[in-house]
Structure formats: structure tokens, C-alpha cells
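Presented below is the structure to which this report refers.
The values are calculated or read from the model by the stated rules, or taken from the named source; none is laboratory data. If you're wondering where the values come from, they're calculated on a predicted model, not measured in any experiment. Glycine gets a Cβ as well: all are built from the backbone with ideal geometry, and neighbour counts include every protein chain shown.
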Amino acid sequence: MSTRKAHIALEGKGLSLGYVHQKQRKEILSDLNFQLISGELTCLLGPNGVGKSTLIKAILGQITPWKGTLSLENQPISSFDLKTLAKKIAVVLTDPVFPGNMTVGQLVALGRTPYTGWSGKLSLEDHEIVEKALSDTKITYLKEERLSEISDGQRQKAMIARALAQDGDILILDEPTAHLDLVNRFEIMTLLREIAKNQDHAVLVVTHDLDIALETADRFWLLNCGTPLIADRPESLILNGSINQLLPGEKYAFNLSRGKVEAQLLENQLKIKGPKEQVFWVEKALLKAGISRLEHEVSVLSEPFTIQTEKGNFSSLDSFIQSLDS
Amino acid sequence: MNLRPYLFPLGLLLLGLSFLLNLSLGSVWIPFGEVIEGLVTGNWGKASWEQIILNYRFPKALVAILAGSALSLSGLQMQTFFRNPLAGPFVLGISSGAGLGVAILILAGTVLGFSLSSIHSWSIALAGILGAGMVLSMVSLVAWKVKDSMTLLIVGLMFGSAVSAVISVLSFFSGAEALKLYTVWSMGSLGALGWSQVGILSILLLVGIIPVFTSIKSYNALLLGENYAQSMGIHTGKMRWIMILSTGILAGSVTAFCGPIAFIGIAVPHLARMIWKTSDHRVLFPGSVLVGAILLLLCDAVGQLPGYASTLPINAVTSLVGAPIVISLILKRNLSRDF
């Protein structure tokens, strides 16, 4: 853990945001209050279309708030010019980036743009910062590779390294783990957590990946239509049930003991005996196959996996479900 | 072996050779050695050779270098700004605009009663500049209104189509002689310029190049798209004006003086990317200048049809010679991946 005192990197007070479309004001977010804290990984969660991207645009100074204040170092964001802001906030966006001829090293070096002279030539210090960004994201070995020749996960790490090279206190990432496989999703989020902790950056990640966010985030911001933004530790949000705000309706709910979202198990008349884990998965498979009642009780054994019924024993779920269908 | 450090010196050498080759080719046969001797010592084998080389071929070769580099530079800017490998110097309707100016002068002139013989090459250039400037300011007006660069690209293409339609209407109502004069202009020509016009063209191009050099860094940042560029402190709105002005002046004045020259502006940036295998504009800008100049010099040399008295129009040669070369190069590599 960082020994430095955590401070508020970014603060929103009574913030209202929206667009003017064909002379009509369309308010998207109203009365937001939040504090982005340094040294913490914050995850912004919410359904599609709730205004997460709008909030990010406001933080980047691309749209001005209608009401309220958005302040950086206790000054309104609008008072910073583009270049100064670029030295404080770096982003990884969802925009596709494909200059295939560019090497990873060149991409990361672009992060130094706000600091370099007219030709973009890097100073000795710039080179050191680029090297550090590459090693912090553990992609030094990719430095000479071209962007067209690396995987999506590697490219995402390169984009994070570029943002790090911009050397701001605040890092904002819009769905950095979309389209990535499970391992890469974990790696990216763990990397972001390390960056927040080791370099005392305030990291804000917009994500839909609740499972991984739960594992890695220090703080959640829940954004939902028509309700104020809720900010708290993820664990607190689970314990007080606020997390279910992400899941409108009765169909899905957060399972406290398993720590993940599940389809609410329907009231069922499945009579299954056996060890807890085995019963859970067998029940799940049966419900998914549309079977919600069994005439007779069955029991499940774990080693070797066997389902004992009065019609005989089955060694796999497949054969058991087939026997019920016939 | 790593060739990269030698590419620029090699390019300069090639440029010099193409320049000399270009000087020695033409309807009058002048031996290569005589050309060099004449240029170095000032002693020409025949007085007519001195006339031909110094007052006709030399300015023409210079114009080829100027036009080739200017068109390539504006093409590269457009491709990067719009992040579109198909963009070229004329996508914003600039060549159509220059064409309209010239068309009004030549075609409407007959209706208004100028005699064709009174049309001087200076007035054609002026009409071209005015036409290009008019379309440029219309596009700028749109650029000021719209925020999205893709919209700007589409509007530019539409402007081009609309202006071409006006030219068609003018052509339809004009006489045969005027029509021929306009058609000849639209085929492009590097050789119609005297020394004073070459001077004016050089000054205009210099003005157009300055904004390119001051914004190399911004073009590199724009490779990641406007949103990223903005997040790195680049004023993308300002960049758009710089791009429109620079390409307008570069492509507009070349078109006004030499007529439309197709293909160079789109193809050369791709060739430069392939040769230097980079997307860094610190290399690509000078690289495109070099490749563009060499390519147009060679195309012009081919158009001389050595041994024949007549020449081919340069606009036809660039497409006829250049297109197959570029198609074959591009088919070998994945263009959009290397972009």
C-alpha cells in the first residue's frame, strides 16, 4: 500500500450533463456527486445508455456541465487549457486504433505529445518515461512489434502504457476489457490495480465486468437511470443490497454466498440429495434444460460422479437428462 | 542488411538522376552527356539546345518536382486527418473548383464574347486559383458548422460532384474550339509554365508547406483519431483549419497552374509508407515529397515518347503508368493493415 495520503483527484458536485439536439435540451445525468480518490481503482458500472460515456466526456472537458461543478485540484475543469489537462488526465477509449505500421514503442511515445516540442522529438527524460511505462505494463518485449502483429490483449496493454506515459494523476479507461478473453480481462484489471496502488494514480474504469470488478476494485460507482450515483466499497454495496440496482426486475439477483449474479432459481420441485456443490450444478443443469420437477428423489455422488435414480445409475448429466426426456 | 539509413540519400540520388533524364528527353534529341556538359560548363553544343533546356525543359522538370511533392504532401495530410486510405488531395472538391474557374473563363467566355486567343496562361492560372479558393471557402464554411470529420469528407465529395455537374452544363453549351481548349487543360500539362510562373508557384507552395512543418507532431497524434489527439492536448478544430488551408493552397495552386493531375496524391503516401515502413510523419512528410517528385519526373519522361514529336498529357500518363505499379505493390501487401 502507498504510504502517501490519499487525496481527492477529481470531484463532481451537483453535476448535470446532457446534449442539445436539434435545439432541444436532453438531460442525461442529473445531480451527480462523486469523488475520485488517488491510489484507488474505481469501477463505474451501469447499464448501456445510462450516460457513462457522457460523464467521461465531461471529465475530459469535451462537454461543459449544465449545472454543478467538476473540479480538478479544486479548480473547475473548464479553467484548464487542453494541453495542461492532457498532462493531468490520460484516457484509453473504445475507439479502434489501427495504424498498423506503428510499433508499440512509437505508440507509447505518442503519450509524451503534451510535453514535446513542435516536431515531437523525445528528450532523454521522455525516453526514460516511455521505457518505464513499457516495463510497468510488462510489455517491454513488445517494443519493436508492429500494432498489426500483436493480439488484442497486448494492444490494450500498449494503450494503457501510452496513457501512463502521459504521466497524469488520473487514468480513465472506457471498457478496457471488452472483447478480451478471461485471462486477459483479469490481467488488465490486476495491472490497473497495481498502477493505482504503486503509482498513486486515481484510476477510473468503466466496465460491465462485474465479476472481475468485484475482485479488483476499491470503490464502485453505480449509475442507474433516475437514481443518484452511488459510490461505496463494492463489499458494502453487496452487503446492503444496493448492488441489485444494477439488475432491474426479479429475474436476476446477486448471490451473496457465491459473489456473482445469477438467474433467480425458480421455485422448483427438484428433489436432489448429495454434497452441496454437486446438487447446485445438477439443479442448474436441470432447470436450464427446462426440467423443474422430478417424480422421485435422486442422489448425486461425487467420486466418481454418479446420479442414482430408481431407473438406474447415470455417469453423466447428458445421459440423465436424456432419460428424463424420453 | 538494414537499408533504412540509406533510403533518403538513395532517394536524393534517384531524384537527381530522374531530373537529368527528364532534361535529356523530349521531341528534340539532345545527348545525355551534352546536357550535363551544358549545365556544368555553360558551353552548349548548339544554341537551340541551350534555349530548349534552359527555357523549356528546366522549368518543366522543376514544375514536375514542385507539383509531385505538393500533391503528395496534401494527399498524406488528407489520409491522416480523415484516417481514410482512399482520401487524396482532391476529396474536398479542390480540383473541381479549379476546373470550374477555368471552365467559366474558357467556356462561358465564348458565350460572353471573349476571343479564345486572348486567354493567356496567366488568366487560366488565376481563374483556377479563384475557383479552388471559392470551393475551399465553401468547404471551410461547412467545416466550421460540422464537428465530425467523416461528414466533412462526404460534404467535400458532394461539392466536387455538384461542381463537376456545373462544368458539364457549361461544356454542353459551349463551342467546339473552347471545349477543346478546356479538355486540353483538364488533361494537365507541366510544360506550359515560364520562369515567372514557376516563381509564383514556388512561393505559393512554400506558403502551403509551412503549416505542415509546424504540425508534424499533431499529425502523429491524429493517427489515433481525433478523440485521442484531443486527450493528448491537440486542438483538433485548429488542425482541421490548418489541414484545409494547407491542402487547399498546395493542391489548388498546382491544379490552377498545371491542370488536374490524378493519382499522385493518393498513391505516393502509400508508397512512402511501404518504403519506409513507418507511420511517423517526421519520416513520411519528407519521404512523400521525395517519392512524389521522382514519380512525377518519371511519368513526365515517359509522356515525352522519346523519338516522337508529340507528348502525352501528364494526367493520362500518371494514371496509365502509375496505377498498375501501385495496384501490383498494394496487392502484395495488406493496405489497410499497413495504413
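Taken as a whole, the condition of being among the β-branched types (Val, Ile, Thr) and at pLDDT below 90 applies to B:VAL326. Restricting A:LEU124, A:LEU93, A:LEU110 to residues that are aliphatic (A, V, I, L, M) and either touching a strand residue (DSSP E or B) at 6+ places or on another chain (Cβ under 7 Å) or in contact (Cβ under 8 Å) with a residue 60 or more places away in the chain (or both) narrows the list to A:LEU93. Only one of these conditions is not met by B:ALA262: (1) more than 10 Å from every other protein chain (Cβ to nearest Cβ); (2) part of a helix (DSSP H, G or I). Which number is it? Result: B:ALA262 passes all but (2). Selection of first residues in region B:226-253 that are more than 8 Å from chain A (Cβ to nearest Cβ) and within 16 Å of A:TRP118 (Cα to Cα) and of second residues that are outside any helix (DSSP H, G or I) and modelled with pLDDT of 85 or more, restricted to Cβ pairs under 6 Å at least 6 apart or on distinct chains, gives the following pairs, ordered by first then second residue: B:ILE242/B:SER215. Would you pick out the residues in region B:227-283 that are on the phi > 0 side of the Ramachandran plot and in contact with a strand residue (DSSP E or B) (Cβ under 9 Å, 6 or more places away or on another chain)? Within region B:227-283, just B:LYS277 meets the criteria. Of the residues making up region B:269-303, just one is within 14 Å of chain A (Cβ to nearest Cβ) and among the acidic types (Asp, Glu), namely B:ASP280. In region B:171-196, of all residues being of a type in the set (A, V, I, L, M, F, W, C) and assigned to a loop (DSSP other than H, G, I, E, B), the one that is surrounded by the fewest Cβ atoms within 10 Å (Cβ to Cβ) corresponds to B:PHE173.
In region B:26-33 there is no residue that is surrounded by 23 or more Cβ atoms within 10 Å (Cβ to Cβ) and in a helix (DSSP H, G or I).
Restricting attention to region B:267-279, the residues that are more than 17 Å from B:LEU10 (Cβ to Cβ) and modelled with pLDDT of 90 or more total 1. Would you say B:PHE58 is closer than 20 Å to B:LEU224 by Cβ and surrounded by fewer than 24 Cβ atoms within 10 Å (Cβ to Cβ)? Spelling it out, it is not the case that B:PHE58 is closer than 20 Å to B:LEU224 by Cβ and surrounded by fewer than 24 Cβ atoms within 10 Å (Cβ to Cβ). If only residues of region A:100-116 that are more than 7 Å from chain B (Cβ to nearest Cβ) and among the hydrophobic types (A, V, I, L, M, F, W, C) are counted, the one that is nearest to A:VAL203 (Cα to Cα) is A:VAL108.
I need the helices (runs of 4 or more DSSP H) fully contained in region B:197-258, keeping only those with at least 2 residues that are of a type outside the set (A, V, I, L, M) and in contact with a Gly (Cβ under 8 Å, 6 or more places away or on another chain). Show your work before the answer.
Values: elements: B:216-222, B:226-231, B:236-258.
In region B:197-258, the matching helices (runs of 4 or more DSSP H) lie at B:216-222, B:236-258.
Selection of region A:68-99 for residues being closer than 20 Å to B:GLY225 by Cα and either away from chain B (no Cβ under 14 Å) or within 16 Å of the chain's Cα centre (by Cα) (or both) yields A:VAL91, A:VAL92, A:LEU93, A:THR94.
Scanning region A:68-112 for residues that are surrounded by fewer than 21 Cβ atoms within 10 Å (Cβ to Cβ), among the hydroxyl-bearing types (Ser, Thr, Tyr) and modelled with pLDDT of 90 or more yields a total of 1.
Do we find a residue being within 15 Å of the chain's Cα centre (by Cα), farther than 26 Å from A:ASN101 by Cβ and either modelled with pLDDT of 90 or more or of a type in the set (A, V, I, L, M) (or both) anywhere in region B:176-188? For region B:176-188, residues within 15 Å of the chain's Cα centre (by Cα), farther than 26 Å from A:ASN101 by Cβ and either modelled with pLDDT of 90 or more or of a type in the set (A, V, I, L, M) (or both): present. If you take the residues in region B:280-308 that are closer than 21 Å to B:CYS258 by Cα and part of a loop (DSSP other than H, G, I, E, B), which one is modelled with the highest pLDDT? Among those residues, the one meeting the criterion is B:GLN304.
So that you can scan it fast, the table gives a plain yes or no per residue for (1) outside any helix (DSSP H, G or I); (2) modelled with pLDDT of 85 or more; (3) touching a strand residue (DSSP E or B) at 6+ places or on another chain (Cβ under 7 Å):
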site	(1), (2), (3)
B:PHE114	yes, no, no
B:ALA125	no, no, no
B:ILE129	no, no, no
B:TRP144	no, no, no
B:LYS147	yes, no, no
B:MET150	no, no, no
B:LEU153	no, no, no
B:PHE159	no, yes, no
B:VAL169	no, yes, no
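Yes/no per residue for (1) within 14 Å of chain B (Cβ to nearest Cβ); (2) within 30 Å of A:PHE254 (Cβ to Cβ); (3) at pLDDT below 90:
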site	(1), (2), (3)
A:GLY153	no, yes, yes
A:ALA163	yes, no, no
A:GLN166	yes, no, no
A:ILE172	yes, yes, no
A:ASN184	no, yes, yes
A:THR190	no, yes, no
A:ALA202	no, yes, no
A:VAL205	no, yes, no
A:LEU210	no, yes, yes
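Of all the criteria given as (1) touching a Lys or Arg at 6+ places or on another chain (Cβ under 8 Å); (2) within 30 Å of A:SER38 (Cα to Cα); (3) of a type in the set (D, E, K, R), the one not satisfied by A:GLU215 is (1).
Return yes or no: is A:PRO65 more than 10 Å from every other protein chain (Cβ to nearest Cβ) and either in a loop (DSSP other than H, G, I, E, B) or modelled with pLDDT under 85 (or both)? In short, yes.
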